[in-house]
1. Looking at (1) open to solvent by 90 Å² or more (accessible area, probe 1.4 Å); (2) modelled with pLDDT of 95 or more, which is the only condition residue 3 fails?
2. Just to check your reading of the model, which residue among 55, 63 is open to solvent by less than 100 Å² (accessible area, probe 1.4 Å), more than 15 Å from the chain's Cα centre (by Cα), modelled with pLDDT under 95 and closer than 16 Å to residue 86 by Cβ?
Amino acid sequence: LRRTAVGAFTEDRARPVEELELLPPLAAVGHLAPVAVDEEVAALVRTGRRLDRDGAAPFPGDGPWAVVAPDGSLLAVYRADGDRARPDVVLAG
């Protein structure tokens, strides 16, 4: 048994231990649709608030989504919950 991929991380992206690098959290969810938010909405996301899907930060499609701060960092992963979006994971920071 040999694992050749985990999500978007495929065997061709593998590196020897000596060449390991720490990737930003956003790289782990690069397969999710990004939702960029302003600082006002980012403050709500940081506290785990549910958001209207058609509100200040529209959530396109069916999700899940990677919610991205104004500085480009990953804030959270949100999932559809009817006409709202709810957090599955919120990163501390």
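1. Going through the list (1) open to solvent by 90 Å² or more (accessible area, probe 1.4 Å); (2) modelled with pLDDT of 95 or more, residue 3 breaks only (2).
2. Residue meeting the stated conditions: 55.
The values are calculated or read from the model by the stated rules, or taken from the named source; none is laboratory data. On a predicted model such as this, the values are computed, not experimentally measured, just so you know. With ideal geometry, Cβ positions are generated from the backbone for all residues, glycine too; neighbour counts draw on all protein chains shown. Ligands, DNA and RNA are excluded from the accessible area calculation, which covers all protein heavy atoms including side chains. Shrake-Rupley method; radii C 1.70, N 1.55, O 1.52, S 1.80 Å.
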